[in-house]
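As structure tokens, the structure follows; a few thoughts come after it.
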Amino acid sequence: MVGPLRSNAKGNEKLISDDSTVESIIYNLIFNYVKHMVFVMKVEEGPRFQYLFVNEMGLIYAGISEEAIGKSMEDVLPYERYLEIKKAYDRVVLLNDSVTYSDQIMFPNGSMGYTESLLTPVRDEHNKIKYIVAVTRDITELVEERNRLIHAEQKYRSIVDHTLDGVFTISLEGKILEVNPSGQLLLGYAEKQMTQRSFFDLIPDAEVQKFIGLFQQTVETGVALESLDCRLIHSKGYSITTHIKTIPIVINSKIEGVYVITRDISEQAKNAETIKYMAFHDHLTGLYNRRALLNDLEQLIKANKNRGTFALLSIDLDRFKYLNDTLGHLAGDQVLIQVAERLSVFNKDNIKVYRQGGDEFSILFEGSRKEITLLAQKILSLFTKSFYLHYQEYFISPSIGISIYPHDGKNAETIIKNADEALFRVKERGKAHFQFYRTEMNSVGAHIVSLETHLRKALAKDEFMLFYQPQVNLATGKVKSFEALIRWNSKELGLISPADFIPLAEDTGLIIPIGNWVIDTACKQIKKWSELGKKGIKIAINISPKQFLQPKLVETIKESIRKYKIEPSLLEIEITEGAMQDTAETSPILNSLKELGVTISIDDFGTGYSSLNYIKQFPIDVLKIDQSFVRDVINNEKDAAITTTIIHLANSLGIEVVAEGIEDKEQAEFLMRANCHKGQGYLFSRPISAKDVEFKIFNNGNEEMVIF
């Protein structure tokens, strides 16, 4: 470097003197060490701008050589570049003031960058701009950083503006600073209507404290939190169920505010409520269901552990199955709806009504025993009024079993079981009333369960046997027929009364295989006695109503007769009047049995309905007068008249008559005078085993035995 001044051959102006050491040092610093580009331009008429000084950085980044010193900008720069830069210099002259402008240039390494230039005028003593000093700095990094920030801001803004969730920017005081379009749409407000408004004002009073707690916890801990069921108030006044998330706004490690992100879940909440309703309500009646009952029982037990009592009333509709089968299930459903409406009058704070299924209803009631009794009486009185269906009038009565916590159980299962046990006792004892649970009921119920278990195995274990009660010819005192009566001698339980296991067999359907065993055993016994020389001995067996209607009954009887090769007439089939109520079903069965050749008798005659009609329609061989008439035939004129009438009627129709339950000689003599053919009862003999029959009755070798 030859001197501090850069100029061309024609230039003769100096900015600093050659002999000034200080100026030389300053020049050297500017030229070699200042990292910014420095240009000193002389202003000429035009205006035109001439290079007087360019430091090292200026030469490098502007892409010009030292030969440019002394030349005009127009001569040095490409034309388009010149026009662009000249605009800035012209503004300095025009404004007579400093001008700043930004520019994009290509750096020597070929990369594009950004610069910022400050153009400062230098005036002479006449205040005329003589020079312009331009200082240009590389701001590429600043521009790129700013662009990155703008890009990030735009990405954030794009997310916030286009998300379907409402985004609220909240100050630490709870003021709304910003809200995105979804937030505006969610609540029906414009942004201006919400900014600077307290977010807490948008929450129902009952839920404000809950949200404030969530908000403050986020501010204090810096942890994002959420609430699944926060409600917000729409501009039109209705509530919106939302899912809310609070996220801290952290700037320089300091929490400056909170983002509140909201999502409308009103539809989901509505669906959840619907699902919950369906889970805990009966779809037909709208009452609470069994699941709700179990849930409420658990809650009541927890709440009442140290105080008070409550009752469970188990309600069953009497004879509803008959009504349902007669009218059809749709009509039955309508009756259940009407029953539910009546019971719903009891739905109060301390009373809840449930439908457990079918015709079973339950009521939970918190009250004293006296209040429980009063409630049960009110329920019964509700059903004194008839029900109407399709303009027809129907009467239905309820049976009610009651258990009380904690006396009758300390958990839900036991309380329900004991209420049902009490209900079962009501059903057993005439229905249409209520009964409280008693401890001994449970032991009976447990006995029934145990009895059923053993009954199901009794046939396989060969525990049944037939006993035979003689039917005595009242005129001769001789025996030609017996009634077979089943007995059960359990290996574990001992002798079980027929009164205990026959109804159970009916309920469980076990009466069918047991009845088939009786048929086979009776036929086998007829065969055996015939082989012993006692021909013509008849055995009567009882056929239950359920077995009588079985499609294979006739075939089963026919198979046993064929198997043992016995005379069909020696097998007598006893059926009750109750089994013959459905004439359309009964008639074909009786006719088939008659064709088979077996004897047909009506058991317990006179206790059912339309007895005379049965005699007229069906092929009856024997009438058995029920023991309820025979018992008081001596002392009761009506019983005597009825018994005599039945005997005379049967005789006139050619039907044999057997009187049951004869216990004293006077009864036997009365029946004999009335021309009753046969009698059976304890006067003659209790039911005895086949061996005892052979020993006590057949022991003298005669076919007919006198036992008077």
To the nearest 10 degrees, the tilt of helix 21-32 (Cα long axis) against the first principal axis of the alpha carbons of the chain is 40
The stretch 217-322: chymotrypsin sites (Phe, Trp or Tyr not before Pro) in DSSP loop, at most 12 other beta carbons within 10 Å: Y238
Heads up, I need the accessible area for L327: 1.4 angstrom probe, whole protein in place, Å², nearest 10. 60
Diffusion coefficient in µm²/s returned for the stretch 361-408 by Stokes-Einstein, Kirkwood Rh over C-alpha pairs, 25 °C and 0.890 mPa s, is 194
Starting from the Cα of K86, draw a straight line to each of the lysines and keep only those under 18 Å, dropping any in the same chain fewer than 8 residues away. K42, K71, K130
The chain - percent relative contact order, Cα under 8 Å, separation 6 or more: 6
Residues of the chain: accessible area per residue at 1.4 Å, in Å²? 54
Quick one, which of (i) 37.5; (ii) 25.2; (iii) 27.0 is the actual Kirkwood radius over Cα pairs in Å calculated for this model? (i)
Where both partners of a DSSP beta bridge lie in the stretch 388-513, what percent of those bridges are antiparallel, to the nearest 5? 80
May I ask for the angle, rounded to the nearest 10°, between helix 511-531 and the longest principal axis of the chain, with both axes built from Cα atoms and the value confined to 0 to 90°? 30
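List the trypsin sites (Lys or Arg not before Pro) in the stretch 107-191 that DSSP assigns to loop (not H, G, I, E or B) and whose Cβ has at most 15 other Cβ atoms within 10 Å. Which are they? Display every interim value, and only then the final one.
Numbers: sites: R123, K128, K130, R137, R146, R148, K155, R157, K175; in loops: K128.
Qualifying residues, ordered by number: K128.
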Using the alpha-carbon atoms, what tilt in degrees (0 to 90, nearest 10) does helix 290-303 show relative to the longest principal axis of the chain? 80
Calculate one ³J(HN,Hα) per residue across the stretch 358-365 by plugging θ = phi - 60° into the Karplus curve 6.51 cos²θ - 1.76 cosθ + 1.60, and present them in order as whole Hz with x for glycine and proline. x, 9, 9, 10, 9, 9, 9, 9
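What is the packing order of peptides 454-463, 100-109, taking the mean over residues of other C-beta atoms within 10 Å and listing the highest first? Don't skip to the answer; put the middle values down first.
Details: 454-463: 14.6, 100-109: 12.1.
Packing proxy ranking, top to bottom: 454-463, 100-109.
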Any chance you could check the Cα centroid distance between the stretch 51-66 and the stretch 180-198 for me, in angstrom? 57
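Can you show me the helix-derived [θ] at 222 nm for the chain, built from DSSP H runs with n ≥ 4 at -39,500 (n - 2.57) apiece and divided by the number of residues, rounded to the nearest 500.
Numbers: 24 runs with 294 residues, N = 708.
Mean residue ellipticity, 222 nm, calculated: -13000 deg cm²/dmol.
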Rounded to whole Å, give me the distance from the Cα center of the stretch 456-487 to that of the stretch 228-292. 75
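Rounded to a whole number, what % of the accessible area of the chain do carbon and sulfur atoms account for, probe 1.4 Å?
Here carbon and sulfur together make up 52 percent of the probe-accessible area.
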The distance between the Cα centres of the stretch 541-583 and the stretch 611-659, in whole Å, is 22
Can you spot the aspartates and glutamates whose alpha carbon is less than 15 Å from K528's alpha carbon? Ignore those fewer than 8 places along the same chain. D520, E567, D692, E694, E703
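The values are calculated or read from the model by the stated rules, or taken from the named source; none is laboratory data. Every value quoted in this text rests on a predicted model; they were computed, and no experiment measured them. We place every Cβ from the backbone using ideal geometry, glycine too, and count neighbours over all the protein chains shown. Areas reflect the complete protein model, heavy atoms only, side chains present, ligands, DNA and RNA absent. Shrake-Rupley method; radii C 1.70, N 1.55, O 1.52, S 1.80 Å.
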